[in-house]
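Undergrad: I am attaching a structure below and will ask some questions about it afterwards.
Read-outs: derived from the displayed coordinates by stated rules, not from any lab. The structure displayed is predicted, hence computed values, not measured ones. Counting neighbours? That spans all protein chains shown, and the Cβs are built from the backbone with ideal geometry, glycine included.
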Amino acid sequence: MKRSNCLIEVCEDFDCSSKRIKTSFIEGNNSSKMFRNTIWYRSLLDAEKSCLKEDKLKKIHYKFQDDKEMVEEYNVDTQVLLRRAWKVKGKLGGEGKWDVEIGDPMPDATPHIEGIGADFMESKDQPKLTRRNTRINLEWRIRNLPYPIETYSVSANNDERCIVIRTTNKKYFKRLQVPELDRLNLPIEQGNIQCSHSFNTLIIAYKKPQQLLDMDKEWYLELNRVKPIKDIPNDCKTQ
C-alpha cells in the first residue's frame, strides 16, 4: 500500500509539473506576441495598402488613417525590408518629398549650381549616415570617418531614447534614433550593440530583440494577403 501511495504522489507531482510547464509555455508565447497590442502594429493593420511586384522586389504603399503615407520595399527571396520612406507634404500643397527611414537616400533631383550658393553645398568629405536592415540586425553605416575603432564610444541612452556616438578626439558626435524599438515600447540594450570599422566607415549593428523578429516574420506573412496590382502607382514610381 505504501508503494502504491508513493506512485500516486509521484503521478500527482508530475501532473503539477506538466501544468506549470504548459502554463509557462503559453505565457512565453503570448509575451512574444505583445507587438500585436502596440499602436504601430494596429495602425499597419488598419492602413490602406497596395502592392507592386517588380522582379525580386515587393513594394507596399500604405495610407494611414491620419493621411500619412509610407512606402516599404522588400526582397522577395530573403523577406528582408530594404527601404522604408515617409511622404513629406510639400509647401503650399505642392508635391512632397520622401523622407527615407531605412535604405539609401533618394537621388537628389536638384542640379548642381556653380557660382552663387556653391560654397554652401555639402562637402563630399562630411560624414554620411545611412540605415540598413538585415534579417537579425538594425544597422547604421557612417562613411567618411577615418579614425580607428578605439576612437569611438557607442552607448545606449534610454533617457533620450537613442544610441550615442562619441569620439575621444571630440571630432564627431551623433545621436541615433531607433524608431523600431520606440514603436514596440522596447528598451535599448547596451549588450545588443556591436561596432566595426573598415574603409573609413563606422558600422553599428543592433541585434533585433525577439519581439521585433517575431513581428517582422508575422508582418511579411500578413503582406502576402495584399494582392499585387498591375498598374504602377505614381508614389511607387518615385522609389
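Undergrad: Mind ordering 79-85, 127-133 by average Cβ neighbours within 10 Å, highest first? Show your work: numbers first, answer last.
TA: Working: 79-85: 19.1, 127-133: 16.6.
The densest-packed peptide leads the list: 79-85, 127-133.
Undergrad: Got a sec? How would CYS162, CYS195 order by Cβ neighbour count within 10 Å, fewest to most? Provide the component values of the computation, followed by the final result.
TA: Working: CYS162 17, CYS195 14.
Least crowded to most crowded, the residues run CYS195, CYS162.
Undergrad: Oh, and also: Report the FRET efficiency, 1/(1 + (r/R0)^6), for ARG36 and GLN126, where r is their Cβ-Cβ distance and R0 is 35 Å, rounded to 0.05.
TA: Values: r = 42 Å, r/R0 = 1.19.
For R0 = 35 Å, the calculated efficiency reads 0.25.
Undergrad: While we're here: Going through the cross-link list LYS53/LYS87; LYS97/LYS207; LYS33/LYS53; LYS128/LYS170; LYS170/LYS208, which pairs have a Cα-Cα distance over 23 Å in this structure? Let's see the in-between values first.
TA: Numbers: LYS53/LYS87 20 Å; LYS97/LYS207 31 Å; LYS33/LYS53 29 Å; LYS128/LYS170 17 Å; LYS170/LYS208 30 Å.
Check vs 23 Å cut-off fails for LYS97/LYS207; LYS33/LYS53; LYS170/LYS208.
Undergrad: Within a 10 angstrom radius of the beta carbon, how do HIS197, HIS61 rank from fewest other beta carbons to most? Intermediate values should be presented prior to the final figure.
TA: Values: HIS197 18, HIS61 22.
Ascending Cβ contact count within 10 Å gives the list HIS197, HIS61.
Undergrad: Taking θ = phi - 60°, what integer Hz values does the Karplus form 6.51 cos²θ - 1.76 cosθ + 1.60 yield along region 136-144, in sequence order, with x for Gly and Pro?
TA: Per residue, the Karplus-derived 3J(HN,Hα) values read 10, 10, 9, 10, 10, 10, 10, 7, 6 Hz.
Undergrad: Could you tell me the distance between the Cα centroids of region 203-232 and region 38-78, to the nearest Å?
TA: Each part's Cα centre sits 9 Å from the other's.
Undergrad: How much FRET efficiency would the formula 1/(1 + (r/R0)^6) give for LYS63 and ARG143, where r is the Cβ-Cβ distance and R0 is 30 Å, rounded to 0.05? The partial results should precede the final answer.
TA: On the way: r = 34 Å, r/R0 = 1.13.
So the FRET efficiency works out to roughly 0.35.
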